[in-house]
1. So, counting K/R as plus one and D/E as minus one, what does the shell of residues with Cβ under 15 Å around residue 45 add up to?
2. Roughly how tilted is helix 66-79, in degrees to the nearest 10 and between 0 and 90, from the longest Cα axis of the chain?
3. Given the options 81, 30, 68, identify the residue whose Cα lies farthest towards the positive end of the charge dipole of the chain (+1 on Cβ of Lys, Arg; -1 on Cβ of Asp, Glu).
4. Using the Cα centre of the chain as the reference point, and only Cβ charges (+1 on K/R, -1 on D/E), how large is the resulting charge dipole? Debye, rounded to the nearest 20.
5. Considering only DSSP states other than H, G, I, E and B, which GluC sites (Glu not before Pro) in the stretch 75-115 qualify as loop sites with at most 16 other Cβ atoms within 10 Å?
6. Using Cα springs under 10 Å in a Gaussian network model of the chain, which residue among 51, 143, 43 shows the largest mean-square fluctuation?
7. Return the carbon/sulfur percentage of the accessible area of the chain, one whole number, probe 1.4 Å, all protein chains in place.
8. What do you get for Rg/Rh of the chain when both radii come from the Cα atoms and Rh is the Kirkwood radius?
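The values are calculated or read from the model by the stated rules, or taken from the named source; none is laboratory data. This one's a predicted model, so the numbers in the text were calculated from it and none came from an experiment. Note that we place each Cβ from the backbone using ideal geometry, even for glycine, and neighbour counts take in every protein chain shown. With ligands, DNA and RNA removed, areas are computed over all heavy atoms of the protein, side chains included. Shrake-Rupley method; radii C 1.70, N 1.55, O 1.52, S 1.80 Å.
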Amino acid sequence: MSEPLDDLYRDILMEHYRFPRGRKKLDHFHIHNEGQNPACGDEIEISVELEGEKVKDIYVSCMGCAISVASGSMLAEIIKGKSLDEVKKIANMIKSMLKGEEISKEIDLGDLEALRGVRKFPVRIKCALLSWTTLIDAVMAKEARQKTSASSTE
Ligand code: ZN
């Protein structure tokens, strides 16, 4: 990462990269997925334990560049205690932010604001989104399964 990122954003990213959150494996989980970003070589594994519709705990293991690891760490930090609907909302806000679109202030993105600088480097956007697409794909798959089992019992 030799491109000049805004200093503050870079400090936040590097802090998450050095001390990633959510590294404790979960004994029980309801959502699990793995994802890759072949363009950069990033690999991620995510497990989520739910309590009702809310995220009780999360495990994120990401091996890759500073942006993918930091993004995964921020994801682990922000989604704890959030409902799956809120998690989907946050994922959409981040996608919009990385496209340079205006985003609502409905949910405080906290450290995730630091990813804003990544939009200046289009090849890095996939690194920043890897953890989010990996998680959201699994959430959607879980919801689709629930819908199928609900309609089959009708
Ligand atoms: Zn990467």
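1. Details: positive: 21, 23, 24, 25; negative: 34, 42, 43, 49, 57, 137.
In short, -2.
2. 40 degrees
3. Selected residue: 68.
4. Numbers: 23 positive and 26 negative charges, 36 e Å.
It works out to roughly 180 debye.
5. Values: sites: 77, 86, 101, 102, 106, 113; in loops: 101, 102, 106.
Here the sparse-neighbourhood loop sites are 101, 102, 106.
6. 143
7. On the way: 4230 of 8490 Å².
Exposed carbon and sulfur together represent 50 percent of the surface.
8. Working: Rg = 15.6 Å, Rh = 15.9 Å.
In the chain, Rg relative to Rh is 0.98.
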